[in-house]
Structure formats: structure tokens, C-alpha cells
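The values are calculated or read from the model by the stated rules, or taken from the named source; none is laboratory data. Please read these numbers as outputs of a predicted model, since none were measured by experiment. Just the protein is used for accessible areas: all its heavy atoms, side chains included, with ligands, DNA and RNA removed. Shrake-Rupley method; radii C 1.70, N 1.55, O 1.52, S 1.80 Å.
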Amino acid sequence: MRLHESGEMYLETIYVLSKQIGDVRSLDVAEYMNFSKPSVSRAVRLLKEGEFITVDKDGYITLTDAGREIAEKIYERHTLLTNFLTGLGVDEETAADDACKMEHDISDQTFKAICDHARKRMASADETEET
């Protein structure tokens with residue numbers, strides 16, 4: 001099952017919340033994303049059907065291996081793209097908003113090229129600081 005952008009956003013949110021608060025429930029996701037409970041319930045049902053998450057009898061959500069892989073990939077993209085854009089002089093809020101738009105559509109090849117460029121730029125900056 002291929003996920004749409006919204007599914008990726010839910011997985012990323014579950015991932016971030018699990019790092020922040022540990023146990024995650026639908027209500028936590030709804031509050032974090034500022035979405036209605038019915039919208040989140042529908043998304044949770046679809047993610048569960050797609051085997052991206054599991055939900056225990058108490059309503060706690062856990063990412064499956066497949067769900068975690070996607071969530072980590074999206075989170076990594078979001079973080080790197082935000083940092084890259086702020087490094088170019090974009091204010092942090094705009095950079096985060098733009099990164100959120102880009103992270104779902106950018107190809108693996110382009111993302112890798114941005115990563116490589118950012119690493120080279122960081123290495124060059126480190127060398128400059130050492131001298």
C-alpha cells in the first residue's frame with residue numbers, strides 16, 4: 001500500500017510524539033496536528049489496515065517496522081531540509097513550513113545530493129574554524 005502525504009505526516013507525528021512523550025494515543029495526534037478526532041480516527045484506521053501501525057486495547061499507537069522506516073525517513077528529510085534552508089538565510093518558521101512541503105515530494109536522488117552538499121559545506125566550515 002502506497003501512502004499519501006497525509007499518511008506520511010501522521011506517521012511522522014506519531015514518531016515525533018513517541019520520542020517526546022513515549023506512549024501515543026489518537027488524542028495526542030489530534031492535538032499535535034490540530035486536527036479533529038474523527039479525522040485522526042479515520043487516518044489511524046487506514047494506517048492500521050496498511051500495517052503501518054498497531055493499536056493496543058487501551059488505544060496506544062505503535063509504529064510497525066514499515067511505519068517506523070517511513071516515519072524516520074520523513075523526519076530525517078524534514079530536519080535536514082529545515083537546517084539547510086535556515087543555513088541559506090531563511091527564517092526558521094518559513095524553513096520548517098517549506099521543508100514540510102518538500103519532504104514528501106523530493107526524490108531520493110535530489111535529497112541525497114542536498115545531504116552531500118550540506119555535509120561538504122559543514123566540513124568546509126569546520127576546516128575554516130580550525131584555522
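Tabulated data
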{"item": "Sequence-distant residues sharing a close amide H with I53 (under 5 Å, placed H)", "result": "K48, T64"}
{"item": "Top of L27, L11, L47 by mean-square fluctuation, Gaussian network on the chain, Cα under 10 Å", "result": "L27"}
{"item": "Residue-by-residue Karplus 3J(HN,Hα) for segment 57-66, coefficients 6.51, -1.76, 1.60, Hz, glycine and proline x", "result": "4, 8, x, 7, 9, 10, 6, 6, 4, 5"}
{"item": "HN-Hα J in Hz across segment 6-18 - Karplus 6.51, -1.76, 1.60, θ = phi - 60°, x for Gly and Pro", "result": "5, x, 5, 5, 5, 4, 4, 5, 4, 4, 4, 5, 5"}
{"item": "Nearest-ten-degree value, helix 108-130 long axis tilted from longest Cα axis of the chain", "result": "50 degrees"}
{"item": "Accessible-area composition of segment 26-131, carbon plus sulfur, in percent [1.4 Å probe]", "result": "50 percent"}
{"item": "Per residue solvent-accessible surface (Å²) - the chain, probe of 1.4 Å", "result": "65 Å²"}
{"item": "Nearby lysines by direct alpha-carbon distance to K48 (threshold 25 angstrom, same-chain neighbours under 8 apart not counted)", "result": "K19, K37, K57, K73, K101"}
{"item": "Helix-only CD estimate at 222 nm, as mean residue ellipticity for the chain, using -39500 (n - 2.57) per DSSP H run (n ≥ 4)", "result": "-24000 deg cm²/dmol"}
